[in-house]
Amino acid sequence: MARFTPEELQAARDRVVPDVVAEGLRVLFCGINPGLMTAATGHHFARPGNRFWPVLHRSGFTPRLLKPSEQQELLSYGLGITNVVARPSARADELSAEEYREGGRLLAAKVERLRPRWLAVVGVTAYRAAFDDRAARVGPQSRTIGDTRLWVLPNPSGLNAHWTAETMAEEFGRLREAAGA
């Protein structure tokens, strides 16, 4: 992980990371919130230990392994990225319950406006907090936002030892099949 000066850390914490979105996407992936590496680079899931990009490729969503700096290519595959909470932090446990609830409200409004077929939240804990659904499990949800279906995926952070890259790719693949290749 790159070392940041105190000034660089503060600049990253103050940065807004733009969404990669368009109307009518097949799948809008939704991270928890930008990490500091993502905020510093402006590229989603930029931390080297994050498995999002390898799992996305391994599951068949992309024909090759994309680098975080190539995130705009996702739009050509009908995919996009946003976050539950816009505020960057070093760790997701720095976020408050209120930030998750407000993030869920803002995310629902964004989904209503963009109308993706699927919203895929990467992280069951974030989904539970944002949508006040303590019983949610990884997989498709019964809840919808307008016509948009919801799917909870495992958190691709390298800190999530409960899921391997292979088992994550299988779950992402289930969503890919449901969303139509």
| said: Taking the Cα centroid of the range 117-181 and of the range 11-51, what is the distance between the two, rounded to the nearest whole Å? | reply: 17 Å
| remark: The percentage of the accessible area of the chain (probe 1.4 Å, all protein chains present) made up of carbon and sulfur atoms, to the nearest whole number, is 51 percent
| query | Is the range 1-118 rounded, prolate or oblate when judged by the Cα gyration tensor, a ≥ b ≥ c being the square roots of its eigenvalues, rounded requiring a/c under 1.5 and prolate requiring a/b larger than b/c? | reply | oblate
| query | So what does Trp151 come to for accessible area, using a 1.4 Å probe and Å² rounded to 10? | reply | 10 Å²
| Prolate/oblate/rounded call for the range 62-172, Cα gyration tensor, a/c under 1.5 rounded | rounded
| task | Could you please put Glu171, Glu99 in sequence from largest to smallest accessible area, using a 1.4 Å probe? | result | Glu99, Glu171
| query | Classify the range 16-61: rounded, prolate or oblate, from the alpha-carbon gyration tensor (a ≥ b ≥ c, eigenvalue square roots; a/c under 1.5 rounded; otherwise prolate if a/b is larger than b/c)? | reply | oblate
| query | Of the listed peptides 173-179, 31-37, what is their order by residue-averaged count of other C-beta atoms within 10 Å, with the highest listed first? | reply | 31-37, 173-179
| request: Of the DSSP beta bridges with both residues in the chain, give the percent that are antiparallel, rounding to the nearest 5. | output: 25 percent
| said: What number comes out for accessible area per residue over the chain if the probe is 1.4 Å? Units Å², please. | reply: 50 Å²
| task | Calculate for the chain the 222 nm mean residue ellipticity that helices alone would give, adding -39,500 (n - 2.57) per DSSP H run of length 4 or more and normalising by residue count, nearest 500 deg cm²/dmol. | result | -10500 deg cm²/dmol
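The values are calculated or read from the model by the stated rules, or taken from the named source; none is laboratory data. From a predicted model like this one, the values you see are computed outputs, not experimental measurements. Neighbour counts are summed over all protein chains in view; Cβ atoms, including those assigned to glycine, are modelled from backbone coordinates with ideal geometry. The protein model used for the area step is the full one, side chains on, heavy atoms only, and it has no ligands, DNA or RNA in it. Shrake-Rupley method; radii C 1.70, N 1.55, O 1.52, S 1.80 Å.
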